[in-house]
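Chemist: This is the structure, below, for whatever I ask next.
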Amino acid sequence: AALQDRQLDREEEAALESRVEENEKRLEEARHDRRQAEKEVEGLREKVSKYLRQQMEVKTNKEYEAMKHEIASLEARIDQVETTGLEKLEVEEQCQREGERVKGELEELKGRHQTERTRIEEQIRDKQQRLERLGAERRQRLGRLDADLREEYDLLNERYPGSAVAPVDDEHCSGCHWHLVPQTRQSVKLGQELTRCEHCRRFIYSK
């Protein structure tokens, strides 16, 4: 479950990271197009200045009108390119705002995921430490048993992993659900000696 949760976390982060990358790509494209538009406008303005100087030197009305028409065409193109540049500038500003917003969402998401991962890792460490303590306690208690009893316990643990010892549950062995005879139940209740289920041979105790 923890691995599945981490995979889902990574997928969420990857989706936002993809949006950040796409936005950065749009921003760079808009910035490139705006600079190209600015460069083109600069070149067009130089041409207009050149034609204006030439217009002062023409000798006929026909040449003057032709030059005037050319200048008007260039100025119309300048207006068109400047409009494109402004549009690209708006896209840049939009991408910058969107980028900041998505990056904020991504950082917040990563923070939440990291907090959750830290909590889970702490739980895992706590459980591992508890298992280690229980294992040490188990080994210590087994060490107190006679060799014959340890051998019997080991055999039972091989047959019933993790349930060689079972509590009595409503007059039954909780390991095999065998109904215990009164003598066995009384022995368990007194707790003066080790008692075993007469059916599965597990060691049994009173809860």
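Here, each number is a calculation from the coordinates, and none is a lab measurement. Being a predicted model, the structure only gives us computed values, none of them experimental. Note: ideal-geometry Cβ built from the backbone for every residue, glycine included; neighbour counts use all protein chains shown.
Chemist: Too long at a 29 Å Cα-Cα cut-off: which of Lys39/Lys68; Lys47/Lys88; Lys25/Lys110; Lys25/Lys47?
Modeler: Lys25/Lys47
Chemist: Between Lys62 and Arg10, what FRET efficiency follows from the Cβ-Cβ distance if R0 is 41 Å, with the result rounded to 0.05?
Modeler: Numbers: r = 73 Å, r/R0 = 1.78.
Once the sixth-power term is evaluated, E becomes 0.05.
Chemist: Indicate, rounded to the nearest 5 percent, the antiparallel portion of the DSSP beta bridges found entirely in the chain.
Modeler: 55
Chemist: Another question, if that's okay. Considering the dipole of the chain built from charges on the beta carbon (Lys and Arg +1, Asp and Glu -1) around the Cα centre, which of Ser174, Ala66, Leu145 is farthest to its positive end?
Modeler: Leu145
Chemist: How far, in nm, would the chain grow between Glu132 and Glu17 when pulled straight, counting 0.36 nm per residue and subtracting the alpha carbon separation?
Modeler: My answer for the length gained is 37.4 nm.
Chemist: How big is the Rg/Rh ratio for the range 28-85, C-alpha atoms only, Rh by Kirkwood, two decimals?
Modeler: 1.14
Chemist: Moving to a separate point now. Cα centroids of the range 81-118 and the range 134-207: how far apart, whole angstrom?
Modeler: Taking the Cα centre of each part, the range 81-118 and the range 134-207 sit 64 Å apart.
Chemist: If you take all C-alpha pairs in the range 1-108, what percent of them are over 18 Å apart?
Modeler: Everything past 18 Å amounts to 66 percent.
Chemist: If the cut-off is a Cα-Cα distance under 17 Å, which lysines reach Lys207, setting aside same-chain residues fewer than 8 apart in sequence?
Modeler: Within the straight-line cut-off, Lys207 pairs with Lys189.
Chemist: Take the Cα atoms of the range 1-59, find their three principal axes, and give me the spread along each one in whole Å, biggest first.
Modeler: In descending order, the Cα extents are 88, 8, 6 Å.
Chemist: Also: Multiply the residue separation of Gln186 and Leu86 by 0.36 nm, subtract the distance between their alpha-carbon atoms, and state the gained length in nm to one decimal.
Modeler: 26.7 nm
Chemist: If the convex hull of the alpha-carbon atoms of the chain is projected onto planes in all directions, what is the mean projected area in square nanometres?
Modeler: The number I arrive at for the chain is 20.6 nm².
Chemist: If each of Gln123 and Asp79 carries a label point 7 Å out from its Cα toward its Cβ, how far apart are those two points in nm?
Modeler: A separation of 6.7 nm, rounded to one decimal place.
Chemist: Which ³J(HN,Hα) values in Hz, rounded to whole numbers, follow from the phi angles of the range 15-21 under the Karplus curve 6.51 cos²θ - 1.76 cosθ + 1.60, where θ = phi - 60° and Gly and Pro get x?
Modeler: 5, 6, 4, 5, 5, 4, 5
Chemist: I've got another one for you. By how many nm would the segment from Gln94 to Tyr51 grow when fully extended, if each residue of separation counts as 0.36 nm and the alpha-carbon distance is taken off?
Modeler: 11.7 nm
Chemist: Using Cβ-Cβ distances only, list the Cys residues of the chain with no partner cysteine under 4.7 Å, sorted by number.
Modeler: Singleton cysteines: Cys95.
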